[in-house]
């Protein structure tokens, strides 16, 4: 399974592609989509959307995993982050891909084992888990962490869905 992880932001949106074969994870690519903070928000969102669409076309992922919005101290910043998240979700859905969302707590727990881990710990663990030659840039490492979280969660989510469906599908005497 090929996974695109996205760490949305209106100024910088991180992305990371990994491939999962059983328990093995392989790094494909990572980076950041930068926008000009002096440009209108609508133009920045258009740039983020078109770049994510270009990356989806290039790498053909099977799923998209996006980090959920956290509560920011500045409501205007949180709103802009929400807009960036929206275009990331839209790019995945428009490509016909299943889109999954994970909280920062879930991502950090899956990658570091501690939900309150710092950015540096996430960067270090993504390097180790994906056998990267160097530490990925902060936004890209966060996106890779979202992809890793999905890789670890997807199998469990499928088992839970199957078990839940089995319970609902049983006929009671």
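What follows draws every value from the coordinates through simple rules; no lab data is involved. For clarity, every value in this text was computed on a predicted model and none was experimentally measured. We place every Cβ from the backbone using ideal geometry, glycine too, and count neighbours over all the protein chains shown.
Identify, please: which residue in segment 52-62 is in contact (Cβ under 8 Å) with a residue 40 or more places away in the chain and farther than 18 Å from residue 86 by Cβ and is, among those, surrounded by the most Cβ atoms within 10 Å (Cβ to Cβ)?
If we filter segment 52-62 for residues that are in contact (Cβ under 8 Å) with a residue 40 or more places away in the chain, which is where we start, we get 52-53, 55-56, 59-62.
Filter again for farther than 18 Å from residue 86 by Cβ, leaving 59-62.
Details: 59: 15, 60: 12, 61: 23, 62: 13.
Across segment 52-62, the extreme among qualifying residues is 61.
Condition first: over 23 Å from residue 107 (Cβ atoms) and surrounded by fewer than 17 Cβ atoms within 10 Å (Cβ to Cβ). Can you find one or more residues in segment 15-33 that meet it?
Scanning segment 15-33 turns up no residue that is over 23 Å from residue 107 (Cβ atoms) and surrounded by fewer than 17 Cβ atoms within 10 Å (Cβ to Cβ).
Of all residues in segment 34-44, which are more than 27 Å from residue 126 (Cα to Cα) and either in contact with a strand residue (DSSP E or B) (Cβ under 6 Å, 6 or more places away or on another chain) or crowded, with 19+ Cβ neighbours inside 10 Å (or both)?
Of the residues in segment 34-44, the ones more than 27 Å from residue 126 (Cα to Cα) are 36-44.
Scanning segment 34-44 gives a single hit, 44.
Within segment 20-51, which residues are within 19 Å of residue 65 (Cα to Cα) and free of Cβ contacts under 8 Å to residues at least 40 places away in the same chain? Let's see the steps before the verdict.
Step one: of segment 20-51, the residues within 19 Å of residue 65 (Cα to Cα) are 20-33, 45, 48-51.
Passing the criteria: 21, 22, 23, 24, 28, 29, 33, 50, 51.
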